[in-house]
């Protein structure tokens, strides 16, 4: 049963990777990376159940969720404001 | 068996990601592809049962290095320039080095073998003597902080220096901007 | 009782797999960023929730369940936030010259 989930996740990963490579705007690539992190989390959790030690793998999955969110928000901040130092669009001199 | 198939598929995706990162000239897109690359690499490490390496890969690859590369891009601009020279000599060097490395792996012991020097030489000593030598229950901590203490000190020096360098480079522009806005 | 839970878990896992696959196809087929966000939302909510709940039912009563529920709550809070931030940045970016040269394909 778990193998179906793993196969579906692998295929969806390949599709998201294709979008990240092709994606015309930069937002397509950010979107693909974001959905890729979600799929990685699901993949690791499923694989933890697959090998029978889910408690260890779920910790990694939780940490991936947090790191993926921080990364996505940092990337969006750069793409919106131009650098990481500004606190908002008003404070910048652009 | 199934883990091997998953591994092969993930490694294939890794190769595609690496080729895409080379072919793209928009550095912002390359950073995003690298984020995907590090998620894939971490999944490979998890499938290979190297959970601690996967932790490190997630924290360093997907977390801090994405942010550092983005900060660099905000300094150097977003588009890669066309290289001025031909790529044949670098390709020759890379192919020869890669061939030597692949040739080196032929001498490595099989995956998970018990009778390798790593498992026979010094690891049993650490496992048996760390309690009486150091006196703390965690063997990893005693190896890192006492048996290989100078090694760890050197690593920390390198990381500290690298951190100062990164902060220096990334902090220059902000300070200059502040000075410009004041004057 | 155990059999019923097994069947429900299998159904949830299949639903999650189908949702993840549909979302992957949607990410490829949709025409622009804002429509692709809809496809991403399928993975982030239905796919993740169905897969994680299916796994949770499979494992039975254990402290691990709390971790799975925590992970699910985390995903359900963080991913829509990231999607929202992405949509907002895309709306702003369409008006900004920094991203518009050759980028708006």
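Values quoted throughout were computed directly from the atomic coordinates according to the rules given, and no laboratory measurement underlies them. These numbers come from a predicted model, not from an experiment. Note that we place each Cβ from the backbone using ideal geometry, even for glycine, and neighbour counts take in every protein chain shown.
What is the protein assembly as shown by shape, rounded, prolate or oblate, if you read a ≥ b ≥ c off the alpha carbon gyration tensor as root eigenvalues and call it rounded for a/c under 1.5, prolate for a/b larger than b/c, and oblate otherwise?
Oblate is the answer for the protein assembly as shown, as a/c is 1.5 or above yet b/c matches or exceeds a/b.
Only Cα pairs under 8 Å and at least 6 apart count here; give the relative contact order of chain B as a rounded whole percent.
With pairs under 8 Å counted, the relative contact order is 15 percent.
To the nearest whole number, what is the average tally of beta carbon atoms from other chains within 10 Å of the beta carbons of peptide A:55-62?
6
So what's the angle, to the nearest 10 degrees on a 0 to 90 scale, between helix C:48-59 and the longest Cα principal axis of chain C?
On a 0 to 90 degree scale, this one is about 20.
Report the Cα centroid-to-centroid distance between segment C:1-51 and segment B:34-102 in angstrom, as an integer.
So the separation of the two Cα centres works out to 30 Å.
How high is the relative contact order of segment B:1-80? Use alpha-carbon pairs under 8 Å, at least six apart in sequence, and give a whole percent.
Over segment B:1-80, the number comes to 35 percent.
Calculated FRET efficiency, residue B:89 and residue C:3, Cβ-Cβ r, R0 51 Å, to nearest 0.05?
In this case the efficiency is close to 0.15.
What does the helix-only formula give at 222 nm for chain C: each DSSP H stretch with n ≥ 4 adding -39500 (n - 2.57), the total divided by the residues, and the result rounded to the nearest 500 deg cm²/dmol?
-27000 deg cm²/dmol
Taking chain B as a Gaussian network, Cα atoms linked when under 10 Å apart, which of B:13, B:170, B:101 shows the biggest mean-square fluctuation?
In the Gaussian network model the winner is B:101.
What is the average number of partner chain Cβ atoms found within 10 Å of a Cβ in C:4-12?
The per-residue average across the peptide is 1.
Report, as an integer, the average count of C-beta atoms from other chains found within 10 Å of each Cβ along B:38-46.
Mean shielding count: 6.
Once both axes come from the Cα atoms, what is the angle between helix B:88-105 and the longest principal axis of chain B, in degrees from 0 to 90, rounded to 10?
10 degrees
Please give the calculated 222 nm ellipticity per residue for chain A, where each DSSP H segment of at least 4 residues contributes -39500 (n - 2.57) and the sum is spread over every residue; nearest 500 deg cm²/dmol?
The per-residue figure over chain A is -28500 deg cm²/dmol.
Is the shape of chain A rounded, prolate or oblate, going by the alpha carbon gyration tensor and its root eigenvalues a ≥ b ≥ c, with a/c under 1.5 for rounded and a/b larger than b/c for prolate?
Oblate.
Taking only Cα atoms and a 10 Å spring cutoff, compute GNM fluctuations for chain A and point out the largest among A:63, A:43, A:13.
Comparing A:63, A:43, A:13 in the GNM, the peak value goes to A:63.
If we count other beta carbons within 10 Å of each Cβ, what is the order of A:19, B:148, B:86, fewest first?
Going from sparsest to densest Cβ surroundings: B:86, B:148, A:19.
Angle check, please: helix C:2-29 long axis (alpha carbons) against the longest principal axis of chain C (alpha carbons), in degrees 0 to 90, nearest 10.
10 degrees
Between residue B:25 and residue B:2, what FRET efficiency comes out of the Förster formula 1/(1 + (r/R0)^6) with R0 = 41 Å and r the beta carbon distance, rounded to 0.05?
Using R0 = 41 Å, I get an efficiency of 0.60.
With an 8 Å Cα cut-off and a minimum separation of 6 or more residues, compute the relative contact order for segment A:2-81 in percent.
Over segment A:2-81, the number comes to 27 percent.
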